Protein chains: 2
Amino acid sequence: MKDVTEKLKEYIRRKNLRWTGQRQTIVEQLLRTRQHLTTDELFRKVQKQDPSIGYATVARTLHFLVDAGFCDQVDISDGSMRYEVVWGHEHHDHLICSVCGKFIEIFSPELEKIQAKLVRQHGFIETTHKLQIFGTCIDCQKNLCRTENKPLAK
Amino acid sequence: MKDVTEKLKEYIRRKNLRWTGQRQTIVEQLLRTRQHLTTDELFRKVQKQDPSIGYATVARTLHFLVDAGFCDQVDISDGSMRYEVVWGHEHHDHLICSVCGKFIEIFSPELEKIQAKLVRQHGFIETTHKLQIFGTCIDCQKNLCRTENKPLAK
DNA sequence: TTTGATAATGATAACCGTTATCATTATTGT
DNA sequence: ACAATAATGATAACGGTTATCATTATCAAA
Ligand SMILES: [Mn+2]
Ligand SMILES: [Mn+2]
Ligand SMILES: [Zn+2]
Ligand SMILES: [Zn+2]
């Protein structure tokens, strides 16, 4: 946490930007909360800590954090972009429960290897990829889901 | 083509819907043209064949065709949804060139098998998945790209 | 073939997440 | 403390999609 702030401050110095209390608050909330938040979800959490912070600042800070490499933008086609912290996390893909909205993070070196092979076979140069698998999570199948996430729209 | 129309008419009868000249025209254009079109791109093509057809009809017809299983909606996070014909095509995923906007369709039973294994391991029940790999296609690497597709916005 | 119930259409307004604008405030190197 | 300028907050604008509604077209039944 302290470490994260320092890394961000380094990035800010490099880019001639400025560290602000708003950015501090927003990063704190991002780290404190479950990932894959929409701008609006994060905005509500930020407002509880500091009601003076505006929506635009949250939106702009999320762009800033994506540029800095601290966050990734995740688009699951449910109407708005989501953001997750990636510093300190391995690359991963997602199982997404259509009932409770839960994200299950998956990583398989085996899978990545085959993807890389396919890319190579087409002479393609990959920059990024995303794999999203939609369905029903094990908890929702048993009606035992305790997730407080709102179900995904659609 | 004649076959496709018949299958759609069957679906329409089952659902108590109606076959119209507009739907005929729109389906013709979808089959005649490259896939992964936005609503607006399809609208422009449709208008050349019949300028009296409105944008809303194209948009609504695309939804209808998705419901019917004739089209899939493809979201590559470039600002608008795209649609592709899937009847008569195997399931596939996409390599997407960020330079020229080209879609390269890939299918690997090996890959699908590993995905299925991961899903099983989490007790997840899959309904759909999508894998999108972004980068630069082989033609664009050599500046030989002949694709008339507009580069993807970003 | 006419008819009646109602699905579909076209024009356009509304919607909604995101981005741009702009006057004001805050940060940072000097 | 100061000057340069990045960041902020309120809100308008933007753009793709969807809703509205009066009118027209479809199609099964008579
Ligand atoms: Mn994740
Ligand atoms: Mn395709
Ligand atoms: Zn669930
Ligand atoms: Zn290309």
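Structure summary
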read-out	value
Accessible area of the range A:91-154 divided out per residue, in Å², using a probe of 1.4 angstrom	55
At most 14 other Cβ within 10 Å, DSSP loop - trypsin sites (Lys or Arg not before Pro), the range B:13-83	B:LYS15, B:ARG18, B:ARG34
Selection from B:VAL74, B:SER98, B:VAL27 lying farthest towards where the dipole of chain B points positive, charges on Cβ	B:VAL27
Of B:THR128, B:HIS63, B:CYS140, farthest towards positive along the dipole that unit charges on Lys, Arg, Asp, Glu beta carbons give chain B	B:HIS63
Using a 7 Å Cα-to-Cβ projection, B:LYS117 label spacings across copies, nm, ascending	1.2
Simple Cβ-charge dipole of the range A:39-154, Lys/Arg +1 and Asp/Glu -1, about Cα centre, in debye nearest 20	280
Dipole in debye (nearest 20) - the range A:1-89, about Cα centre, beta carbon charges: Lys, Arg +1; Asp, Glu -1	400
Heavy-atom surface of the range B:1-89, accessible at 1.4 Å and reported per residue (Å²)	55
Restricting the range A:17-111 to GluC sites (Glu not before Pro) in coil, as DSSP defines it, with at most 16 other Cβ within 10 Å	A:GLU90
At least 10 Å² accessible surface lost relative to isolated chain, residues of the range A:87-113 (1.4 Å probe)	A:LEU95, A:ILE104, A:ILE106, A:SER108, A:GLU110, A:LEU111
Subset of B:LYS45/B:LYS130; A:LYS117/B:LYS130; A:LYS48/B:LYS130; A:LYS15/B:LYS102 violating a 25 Å alpha-carbon distance limit	B:LYS45/B:LYS130; A:LYS48/B:LYS130; A:LYS15/B:LYS102
Cβ nearest the rotation axis (A onto B), residue from chain A and distance to the nearest whole Å	A:LEU131, 2
Magnitude of the charge dipole, the protein assembly as shown, Cβ model with Lys/Arg +1 and Asp/Glu -1, debye to 20	580
Per-copy distances of the A:ASP78 label point, shortest first, in nm (7 angstrom along Cα→Cβ)	2.6
Antiparallel DSSP beta bridges within the range B:1-137, as percent of all bridges there, nearest 5	70
Surface share of carbon and sulfur [accessible, 1.4 angstrom probe, percent] for the range B:1-89	46
Loss of accessible area when B meets A, both sides summed, Å² nearest 100, probe 1.4 Å	3100
Carbon/sulfur fraction of accessible area - the range B:91-154, other protein chains in place, 1.4 Å, %	56
Cα gyration tensor shape for the range B:9-154, rounded if a/c is under 1.5, else prolate or oblate	oblate
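The values are calculated or read from the model by the stated rules, or taken from the named source; none is laboratory data. Keep in mind that what you see is a predicted model, and the values were worked out from it rather than measured. Positions of Cβ are generated from backbone atoms using ideal geometry, with glycine treated the same way; all protein chains shown enter the neighbour counts. Ligands, DNA and RNA are excluded from the accessible area calculation, which covers all protein heavy atoms including side chains. Shrake-Rupley method; radii C 1.70, N 1.55, O 1.52, S 1.80 Å.
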